[in-house]
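First comes the structure, then the notes that go with it.
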Amino acid sequence: MAMTMTQKILAAHAGLESVKAGDLIEAKLDLVLGNDVTTPVAVDVFDKAGFTKIFDKDKIAIVLDHYTPCKDIKSAELCHTARTFARRFSITNFFDVGQVGIEHALLPEKGLVGPGDCIIGADSHTCTYGALGAFSTGVGSTDMAAGMAMGENWFKVPSAIRVERKGKYQPYVSGKDVILHLIGLIGVDGALYKSLEFTGDGVAELSMDDRFTIANMAIEAGAKNGIFPVDEKTLAYVKGRFPREPKIYQADPDAEYEQTVTIDLSALEPTVSLPHLPSNTRTVAQVKGTPIDQVVIGSCTNGRISDMRIAAQILKGRKVADGVRCIVIPATQAVYKQCIAEGLTEIFIDAGCAVSTPTCGPCLGGHMGCMCAGERAVATTNRNFVGRMGHVKSEVILASPAVAAASAVAGAVAAPTDL
């Protein structure tokens, strides 16, 4: 039976020769992920279910990245629950303040996920690891609890949408523009419980950081997962990081897809998503000059070193506009150190930015950048729902690091070429 990449990975982890869309299967897991928000709920479920052991202390990762360093008593209590559980079972991959990074940047960096893996995480953007050719998806905390105990999870095998890329980028266009454009085309439910499988000659044009960004936001189109083929760039990325032999799966030539969407990279322009849905896309040229109060550059979507470099390139020798707050958040400690080593941190500070330790804080309105009623932000984050970054009457415009940095300087939505 012909299968897609996702279906082949699921079949292998279920011990089956083949699967088809709609099948219910039980698949073995290579990694189970939780954070400081979702792990405490999973721990409660774990204990109430009567579980007394975990399936593998090396195949669970707990990353305290949302509210740390703890912003209040409640967040401190959540982190205490997660720390206690990690100590109780001697969980190897536990990341606390000082070692923590934003989970979906940290796990690939640490080599904890890789090609051919089957991964669940109690965070919707766990689909990020599809950039490495893995099946990776977000689940609820109940599934996380079961996964930690049993090392397996139930799945309904998804059908697939093929997204073909062709051409090469124009200047200041990146993976963020690609995924925003795609979500604008198909909508926030256009890939509901489907696998977005990225193919075509244009894939080779995409850096690994671009692929992480695109896979990260597959969920914003409703997808169960997003996945890229494993190529030389993938293998170069995991070499020296990923301790196991990569397992490479390729879609069959006659694999069945519900539809094919073609994106010409050379035709893309810098793109933003206006409030209050990621699908509410416009080119920057269409909304240039929209006033803003805040800019956030970072998150699991765009906090990697390439994101920091392009932001610094635009901010170098310039100042953040009066009345605008610009917050820069390297996604991991390694990225933070590299920013310092390359002089990027100095550029950010000289431009008038606040530079934070790694955190998800502002993305979900947690801390380090909450907005009040009437304020508007340009952010490199992944969601712009009502109240996402603070008050329900605040607004978030999603953008690439290049557009975010240019907007910080202009004091309004702008492209780098507008400066």
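Assorted remarks:
- Whole-angstrom gap from region 280-303 to region 324-347, using each part's C-alpha centre: 19
- The local environment of Q170, defined by Cβ-Cβ distances under 12 Å, has a net charge of -3 under the rule Lys, Arg +1 and Asp, Glu -1.
- Using θ = phi - 60° and Karplus 6.51 cos²θ - 1.76 cosθ + 1.60, couplings along region 54-66 (whole Hz; Gly, Pro as x): 9, 6, 6, 5, 8, 10, 10, 10, 10, 10, 8, 10, 7
- Other residues within the sphere of radius under 9 Å centred on the Cβ of C300, judged by their own Cβ, net out at -3 (K and R +1, D and E -1).
- Within the chain: Cβ-based charge dipole about Cα centre, in debye rounded to nearest 20 (Lys, Arg +1; Asp, Glu -1): 620
- Residues in region 91-127 reached by a label modelled at R83 [backbone nitrogen below 17 Å; 7 Å Cα→Cβ]: 91-101
- Stretchable slack from D44 to T357, in nm (0.36 nm times residue separation minus alpha-carbon distance): 109.8 nm
- Between K168 and K247, the modelled labels are 3.7 nm apart [label points 7 Å from Cα along Cα→Cβ].
- Count Lys and Arg as plus one, Asp and Glu as minus one, and take only other residues whose Cβ is under 13 Å from that of E395; the net charge is then +2.
- 18 Å reach of a label modelled at Q286, 7 Å along Cα-to-Cβ, counting backbone N of region 211-227: 221
- Label positions at W154 and K71, each projected 7 Å from the Cα along the C-beta direction, are separated by 3.6 nm.
- By a 1.4 Å probe calculation restricted to protein chains, C360 has an accessible surface near 20 Å², given to the nearest 10.
- For region 94-159, chymotrypsin sites (Phe, Trp or Tyr not before Pro) meeting the loop criterion (DSSP other than H, G, I, E, B) and having at most 13 other Cβ atoms within 10 Å: none.
- Look at where the Cα atoms of region 195-210 and of region 217-268 average out, and the two centres are 6 Å apart.
- Pair S266, A373: separation of 7 Å Cα→Cβ label points (nm): 5.1
The values are calculated or read from the model by the stated rules, or taken from the named source; none is laboratory data. Worth saying up front: this structure is predicted, and the values here are computed from it rather than measured. In this analysis, Cβ positions are derived from the backbone assuming ideal geometry, glycine residues included, and neighbour counts consider all displayed protein chains. Side chains included, ligands, DNA and RNA excluded: accessible areas come from the protein's heavy atoms. Shrake-Rupley method; radii C 1.70, N 1.55, O 1.52, S 1.80 Å.
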